[in-house]
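Take a look at the structure set out below.
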Amino acid sequence: SLIVEDRQVTGNDGVFYFILSLVLYVALVRIFFYKYITTLFTLFFRAPMRQQQLREQLLQAPLPALLLNIFFVIGLATYLTFLASHYKMPVADHFWNMLMYTTALVAIIYTAKFIILKIAGWIFGISSMVDTYLFVVFLINKMIGIFLLPILILLAFPEPMILPVVIIFSYFMLGGMVLYLFLISYRPVRAEIKLTRLHFFFYLCGLELAPLLLIYKVLLSLMDGQS
C-alpha cells in the first residue's frame, strides 16, 4: 500500500505579496507626487522648520499627506507584528489577525491624539503652537513609514545572521526619530508655553512611547480572549 499524506503548505506567499504591495504603494506615491516627496525630504534633512514656504507647500497638498499617513499606520503596524512574531509573543500566533488589530489600534491612537491636541489648543488658546507641533509629528511619522520599508522587507524574509542587527538598527532609527522630534519641536512649543526640557521629554514619553505599550497590552488582551 502507498501512504499518501496531505501536503502541508508552509510558505509565506501572502506576506511576500503584502510587502510587494507596500513597495508598489510608495513607488506610486513618489511617481504621482514627486514634488511633494522632494519637498518632504528637503524639509526633513536640510531646511529648518522656520522656512514657512516649504511648510506651506506641504500643507497645500492634503492628498499625498493622507496617503503617507496611511502608509505610516500600516508600516508601523506591520513592524510591530513582525517584532511580536520574532519574540514569539502569545499575540503573534495569527499574523493576519494581529496585523488587522494592530493597524486599527495605531490608527485609533494617532487619530485620538490628533483630536485631543486640537481640542487642547482651542481651549487654551495655543492653536498655532499645536498646529506647528502636529505638523512636525506627522512629518516625522511620514519619514518613519518610508524608512521602515526596507526594514520590513528584511523582517519579512529574515536571515538568522543579520536579523538581530536589523532589529537593533530599527530600535536606533526609531529612537533617533523620537530624539529628532524633541529637538525640532521643543523651540516652537517653548515659545508659546513656559515648559522645561525635562517636562517636555516626559510629555513625549507619555504621548509618543506609551501608545506602543498600550497597543501591546490591548492586543494581548484581545488574543487571550480568543484563545
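The values are calculated or read from the model by the stated rules, or taken from the named source; none is laboratory data. If you're wondering where the values come from, they're calculated on a predicted model, not measured in any experiment. Don't worry about glycine lacking a Cβ; one is built from the backbone with ideal geometry, like all the others, and counts go over all protein chains shown. When the accessible area is computed, the model is the full protein with side chains, heavy atoms only, and any ligands, DNA or RNA have been set aside. Shrake-Rupley method; radii C 1.70, N 1.55, O 1.52, S 1.80 Å.
Across the stretch 85-99, what is the total count of residues that are at pLDDT 75 or above and surrounded by 12 or more Cβ atoms within 10 Å (Cβ to Cβ)?
Qualifying residue count, the stretch 85-99: 7.
Given (1) more than 25 Å from Phe33 (Cα to Cα); (2) part of a helix (DSSP H, G or I); (3) among the charged types (D, E, K, R), where does Lys88 come up short, assuming only one miss?
With (1) more than 25 Å from Phe33 (Cα to Cα); (2) part of a helix (DSSP H, G or I); (3) among the charged types (D, E, K, R) applied to Lys88, the lone miss is (2).
Considering Met223, Met177, which residue is touching a Pro at 6+ places or on another chain (Cβ under 7 Å) and either modelled with pLDDT of 60 or more or part of a helix (DSSP H, G or I) (or both)?
Working: Met177 fails: touching a Pro at 6+ places or on another chain (Cβ under 7 Å).
Exactly one residue qualifies, and that residue is Met223.
Between Pro164, Pro188, Pro160, which is over 17 Å from the mean Cα position of the chain (by Cα), outside any helix (DSSP H, G or I) and modelled with pLDDT of 60 or more?
Pro160
Kindly indicate the residue of the stretch 8-65 that is open to solvent by 90 Å² or more (accessible area, probe 1.4 Å) and not in a helix (DSSP H, G or I) and also modelled with the highest pLDDT among those meeting that condition.
By that ranking, first place goes to Gln60.
Which residue pairs have Cβ atoms closer than 9 Å, lie 6 or more positions apart in sequence or on different chains, and pair a first residue in the stretch 54-67 that is under 12 Å from Leu139 (Cβ atoms) with a second residue that is open to solvent by 40 Å² or more (accessible area, probe 1.4 Å)?
These pairs meet every condition: Ala65/Leu59; Ala65/Phe138.
Considering only residues that are open to solvent by 50 Å² or more (accessible area, probe 1.4 Å), under 24 Å from Gln60 (Cβ atoms) and modelled with pLDDT of 85 or more, which ones fall in the stretch 102-136?
Selection gives Thr111, Phe114, Ile115, Lys118.
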